[in-house]
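Below is the structure I would like to discuss, written out as structure tokens.
Read-outs: derived from the displayed coordinates by stated rules, not from any lab. Remember, predicted model here, so these are calculated numbers, not experimental data. With ideal geometry, Cβ positions are generated from the backbone for all residues, glycine too; neighbour counts draw on all protein chains shown.
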């Protein structure tokens, strides 16, 4: 029988014949892959009493927080998750605020005046989340929370730590490991070491050289004592009851890599965007063919499988900053690619790897954690942003099979690096894929992310579109994500804003990130870049996005040529070429 407020709901979810029967045998072998029997069904758990844990559900007393929150001023700055911005600031305060924004890319002035132990007010999650009980058998596992930081502001870093302590059951929270990635800020040295001594289960470990997020997380994970590893960023706040649903899901499915529902903390005034009891709309992770992570709404067939908010959301990719994973499974699945550098691409790599090698990525809506989303990074990267390209090439070479060429066509630097083998040794990761008998990328696209639009593996034509008369190229211009006219610009042969594909569906796509198409409009309006009408399953090409390329010495764009020709101020039969 379905018990919506208890651990065990997903036995019914996993048996959905529409999604899982085809791979049932593979899923049933997952337990043996990690050297342990598949977890018993809920019925078996109920029928076989365990002498080591009592029956029934955890009480509130058993799930008492590791550190009681001290009394808070209900009218204080930021109280109950409200934002705080001071009015009528003095010149000195204005200067302090400006400096904080420059150094951290968020309003440090406001953050510094908000309590490190601030309350987030009432529990506003859906009632099934608030009322949910957790069985004692099998027991919820312990966790080590790992927080990596580099030159983080004192108030955001310590508020993250206190938030974990005030909301995590003492019986489940083994430790908080703060990993310093070679910070140079004075307040993060001896002062921090001395401060955390009072917090008992909090410790600081340090990398003496800036090596980045990946290496820092691996350092924290190696010394972790908890059964589950929980990774958080250094500017988070945890909402009521955030930890138990993550741990409970891993009890049910040891190969699940679970993320909380991530909500926003305003970078301007630190308003915590609380969950809404009636909200049913959720996002999941995706990726584009430049291998960047993004968000999208969950499709209807996934929504229909979720009977209430205690059900997980399957996600093709995850943000990678906030998640929990069994330490045993983390090691089994290959931790991180330790030859990736600094930051970038590791979350997409792990997403592909987990799914292709028999695990699953999920978002747990009853677990809510706030995160300060900055619009830009305040930190510089050793070796520049080339490390991100290198990381992405490594993941493409190991996990994407022939689909890697779709990425390379969109990133000329990546294509050059791949051709010259400038991405380092990947033999260990290739061996890992073989040892775990992981599925190919076609399986991932067909089974895990069938909604994805997959560009042609071999487009009819691709590259820049050059006006042979003007010796200039079609260019999308700056920050054109649709709705704007295109421009003509000096040809630079670097792809990017001048990359287009002529597809098998007769579209002219600029699909570096978003799927954008050239769209003809009635004169005198110009040709614009718009969202492609063909988005995948159940969609088709709009007539105004269909173009005809004919071979007459040069590649002529016949259909809609008058519109494009007017834009270029050339004859209606346009002489232009892909090159």
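Rounding to the nearest 10 and keeping the result within 0 to 90°, find how far the Cα-based axis of helix 154-167 lies from the longest principal axis of the chain.
On a 0 to 90 degree scale, this one is about 60.
Also, I was wondering about something else. Provide Rg and Dmax in Å for the chain, with only Cα atoms included in the calculation.
Reported Rg and Dmax, both Å: 26.1, 86.
Along the Cα-to-C-beta direction of residue 72, a point sits 7 Å from the Cα; which residues of the range 144-186 have their amide N less than 18 Å from that point?
155-169
Residue 430 to residue 93: FRET efficiency via 1/(1 + (r/R0)^6), r the Cβ-Cβ distance, R0 56 Å, to the nearest 0.05?
FRET efficiency, residue 430 to residue 93: 0.50.
Return 218, 523, 322 ranked ascending by Cβ neighbour count within 10 Å, so the fewest neighbours appear first.
Ranked by crowding around the Cβ, least crowded first: 523, 218, 322.
Please determine, in degrees from 0 to 90 and to the nearest 10, the orientation of helix 213-222 with respect to the longest principal axis defined by the Cα atoms of the chain, where the helix direction is its Cα long axis.
Computed tilt is about 30 degrees.
What share of the DSSP beta bridges in the chain is antiparallel, in percent to the nearest 5?
Roughly 60 percent of the DSSP beta bridges within the chain come out antiparallel.
Which order results if 341, 209, 131 are arranged by neighbouring Cβ count within 10 Å, fewest first?
Details: 341 24, 209 8, 131 11.
With the fewest neighbours first, 341, 209, 131 line up as 209, 131, 341.
Could you sort 492-503, 85-96, 237-248, 456-467 so that the peptide with the highest average Cβ count within 10 Å comes first and the rest follow in order?
Highest-to-lowest ranking by the protection proxy: 237-248, 492-503, 456-467, 85-96.
Pairs of Cα atoms under 8 Å, at least six residues apart: use those to get the relative contact order of the range 245-297, whole percent.
Once divided by the residue count of the range 245-297, the mean separation gives 18 percent.
Follow-up. Just need the relative contact order of the chain here, percent rounded to a whole number, with Cα pairs under 8 Å and 6+ apart. Kindly include the intermediate steps, with their values, before the conclusion.
Working: 1109 pairs, mean separation 67.8, N = 579.
For the chain, the relative contact order is 12 percent.
In nm, what is the difference between 0.36 nm times the number of residues separating residue 338 and residue 222 and their Cα-Cα distance?
40.5 nm
Using R₀ = 35 Å, calculate the FRET efficiency as 1/(1 + (r/R₀)^6) where r is the Cβ-Cβ separation of residue 447 and residue 171; round to 0.05. Mind showing how you got there, number by number?
On the way: r = 38 Å, r/R0 = 1.09.
So, using R0 = 35 Å, E works out to roughly 0.40.
What distance in nm separates the two pseudo spin-label positions at residue 376 and residue 301, each 7 Å out from Cα along the beta-carbon direction?
4.2
To continue, here is another question. How long is the gain from residue 59 to residue 456 if the chain were fully straight, where each residue apart is worth 0.36 nm and the alpha carbon distance is subtracted? Intermediate results must be reported in sequence, preceding the final value.
Details: separation 397, 0.36 × 397 = 142.92 nm, distance 5.55 nm.
My answer for the length gained is 137.4 nm.
Now a separate question. Extending each Cα 7 Å along its Cβ direction at residue 280 and residue 471, get the distance between those two points in nm, one decimal.
In this crude spin-label approximation the distance works out to 6.2 nm.
Within a 10 angstrom radius of the beta carbon, how do 326, 540, 266 rank from fewest other beta carbons to most?
By the 10 Å Cβ count, ascending, the order reads 540, 266, 326.
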